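First comes the structure, then the notes that go with it.
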Amino acid sequence: MSAPSINTTAAKPVVVAKDLRRVYQISKGLFSKPDLLQAVGGVSFTVEAGKTLAIVGESGCGKSTLARMITLIEKPTGGSLQLSGMDVVNASAHDKKALRQKVQLVFQNPYGSLNPRKRIGQILEAPLEINTELTAPQRSEKARAMLAMVGLRPEHYDRYPHMFSGGQRQRIAIARALMLNPSLVVADEPVSALDVSIQAQVLNLLVDLQRDLGLAYLFISHDLGVVRHIAHDVLVMYLGHTVEHGEKNAIFSRPLHPYTQALLASTPGLAGSGPAAQRTVLKGELPSPLNPPVGCVFSTRCPHATEQCRNERPVLQELQGRAVACFEAPRLAAATNP
């Protein structure tokens with residue numbers, strides 16, 4: 001299994017995020033000033049048609065918050081976001097309704113994302129009933145065609161979710177996400193709840209659908225083995241910030257940020273190569289987003305941290321085909337030269 005080959009000359013930006021931020025106010029009491037929790041602290045990326053951007057990082061790094069902003073569930077508190085060329089942040093209610101049809105979400109748990117009281121046909125037709133003027137026969141025809149596209153049989157149309165395995169339920173969830181012909185699919189840990197033997201089947205389905213429909217994927221996962229197979233580009237987040245972002249092969253073969261090195265080293269067979277790929281072991285706990293480090297967000301756990309790291313926030317710089325936010329990155333880049 002490998003990521004599909006895409007003709008980049010025909011690819012167009014589906015989503016463009018610039019300095020995207022999300023800050024929450026945490027109440028401490030009736031008469032106390034609320035604390036500010038910065039869940040996403042200025043993330044930028046572009047996803048083109050037919051491409052997959054994987055967002056990786058530990059729990060609490062801001063991956064799911066980013067997904068909620070991209071799917072218009074939450075409004076960014078800063079930065080800009082465009083979907084299919086349209087401004088999301090300042091869009092009217094009418095425009096947002098149209099934009100929501102262009103981006104769909106596949107949830108992590110296929111056992112909880114399908115209504116157990118609805119037949120599969122009803123589940124698939126619901127988006128069409130709400131958002132289109134198709135007749136009942138037209139909705140039924142499209143739902144049955146989508147079942148076939150995700151590898152399910154016609155008789156499954158009248159069955160209930162409890163009659164299916166986890167892998168089949170996730171195929172149904174993917175089919176539901178595609179009913180409105182979206183340009184972007186946000187997949188939030190879409191195979192983590194499935195058996196390993198079933199994961200490859202679902203991933204292959206996603207690859208085939210991307211090839212056939214020209215879909216863009218924002219793929220959120222903590223499983224770097226899965227990311228290596230399906231992604232074209234990788235964005236590594238830590239405490240709401242981008243620490244490394246670039247083409248998959250560049251990052252997996254020669255990671256430059258110590259956090260990326262630690263993530264890859266924790267997965268057998270993915271540690272990369274060269275002196276910079278020596279095993280990096282994370283120590284300590286993820287800092288509280290209510291009290292982040294003054295300097296580099298990774299400085300409290302980084303084995304290479306200096307006084308500059310503890311007092312200054314590094315910005316993303318271009319090195320060896322990727323962007324990396326680390327003061328030590330030039331030295332590590334030099335160490336990884338063949």
Practice task
Any chance you could count how many residues in the stretch 295-338 are under 15 Å from residue 238 (Cβ atoms) and among the aliphatic types (A, V, I, L, M)?
Solution key: 8
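Going by what's in this entry, would residue 175 be described as of a type in the set (Gly, Ala, Ser), closer than 12 Å to residue 124 by Cα, over 24 Å from the mean Cα position of the chain (by Cα) and assigned to a helix (DSSP H, G or I)?
Values: of a type in the set (Gly, Ala, Ser): yes; closer than 12 Å to residue 124 by Cα: yes; over 24 Å from the mean Cα position of the chain (by Cα): no; assigned to a helix (DSSP H, G or I): yes.
In short, no.
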Fill in the blank from the handout: Scanning the stretch 79-102 residue by residue, the ones that are among the hydrophobic types (A, V, I, L, M, F, W, C) and not in a loop (DSSP other than H, G, I, E, B) total 6
Problem - Where residue 140 falls short, out of the listed (1) buried (at least 22 other Cβ atoms within 10 Å of the Cβ); (2) at pLDDT 95 or above; (3) among the small types (Gly, Ala, Ser) - result: (1)
Problem - Condition broken by residue 195, with the remaining ones in (1) surrounded by 14 or more Cβ atoms within 10 Å (Cβ to Cβ); (2) under 25 Å from residue 231 (Cβ atoms) satisfied - result: (1)
Completion exercise
Among the residues of the stretch 43-78, the number that are surrounded by fewer than 18 Cβ atoms within 10 Å (Cβ to Cβ), assigned to a strand (DSSP E or B) and in contact (Cβ under 8 Å) with a residue 60 or more places away in the chain is 1
Problem - Test set (1) modelled with pLDDT of 95 or more; (2) charged (D, E, K, R); (3) open to solvent by 10 Å² or more (accessible area, probe 1.4 Å) - residue 223 fails condition number - result: (1)
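Could you please find all residues in the stretch 23-42 being of a type in the set (Ser, Thr, Tyr) and assigned to a loop (DSSP other than H, G, I, E, B)? Show your work before the answer.
Keep residues of the stretch 23-42 that are of a type in the set (Ser, Thr, Tyr), which gives 24, 27, 32.
27, 32, listed by residue number.
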Exercise for the section: Scan (1) surrounded by fewer than 17 Cβ atoms within 10 Å (Cβ to Cβ); (2) modelled with pLDDT under 95; (3) of a type outside the set (A, V, I, L, M) for the single condition residue 38 breaks and write down its number. Expected result: (1)
Exercise for the section: Could you figure out which of (1) closer than 26 Å to residue 165 by Cα; (2) assigned to a strand (DSSP E or B) isn't true of residue 146? Expected result: (2)
Exercise for the section: Would you check which residues across the stretch 1-22 are open to solvent by less than 70 Å² (accessible area, probe 1.4 Å) and either at pLDDT 95 or above or outside any loop (DSSP other than H, G, I, E, B) (or both) and list them? Expected result: 10, 14, 15, 16, 17, 19, 20, 22
Practice task
Determine, yes or no, whether residue 165 is among the polar types (S, T, N, Q), in contact (Cβ under 8 Å) with a residue 12 or more places away in the chain and exposed (fewer than 14 other Cβ atoms within 10 Å of the Cβ).
Solution key: yes
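Quick check on my filter: what residues within the stretch 120-137 are open to solvent by less than 90 Å² (accessible area, probe 1.4 Å), charged (D, E, K, R) and part of a loop (DSSP other than H, G, I, E, B)? Explain how you work it out, then say what you get.
Initial filter on the stretch 120-137 (open to solvent by less than 90 Å² (accessible area, probe 1.4 Å)): 120-121, 123-128, 131-132, 134-136.
Still in the list and also charged (D, E, K, R): 125.
If the condition is that a residue be open to solvent by less than 90 Å² (accessible area, probe 1.4 Å), charged (D, E, K, R) and part of a loop (DSSP other than H, G, I, E, B), then no residue fits.
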Completion exercise
Residue hits (the stretch 281-330; basic (Lys, Arg), out of contact with any helix residue (DSSP H, G or I) (no Cβ under 9 Å at 6 or more places or on another chain) and surrounded by 14 or more Cβ atoms within 10 Å (Cβ to Cβ)) are 310, 313
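Among the listed residues 202, 243, 234, which satisfies the condition of being in a helix (DSSP H, G or I) and surrounded by 20 or more Cβ atoms within 10 Å (Cβ to Cβ)? Working first, answer last.
On the way: 243 fails: in a helix (DSSP H, G or I); 234 fails: in a helix (DSSP H, G or I).
After applying the criteria, what remains is 202.
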Handout entry: Those residues of the stretch 248-268 which are assigned to a loop (DSSP other than H, G, I, E, B), crowded, with 21+ Cβ neighbours inside 10 Å and of a type outside the set (D, E, K, R), in sequence order
Key = 255, 256, 257
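Please count how many residues of the stretch 107-123 are in contact with a strand residue (DSSP E or B) (Cβ under 9 Å, 6 or more places away or on another chain) and at pLDDT 95 or above. Don't jump to the end; show me each part of the working.
Restricting attention to the stretch 107-123, the residues satisfying the condition of being in contact with a strand residue (DSSP E or B) (Cβ under 9 Å, 6 or more places away or on another chain) are 107-108, 113.
Checking the rest, the ones that are also at pLDDT 95 or above come to none.
So the count comes out to 0.
The values are calculated or read from the model by the stated rules, or taken from the named source; none is laboratory data. Nothing here was measured: the structure is a model prediction, and the numbers come from that model. Cβ atoms come from the backbone with ideal geometry, glycine included; neighbour counts cover every protein chain shown. Note: accessible area is taken over every heavy atom of the protein model, side chains too, but ligands, DNA and RNA are not part of it. Shrake-Rupley method; radii C 1.70, N 1.55, O 1.52, S 1.80 Å.
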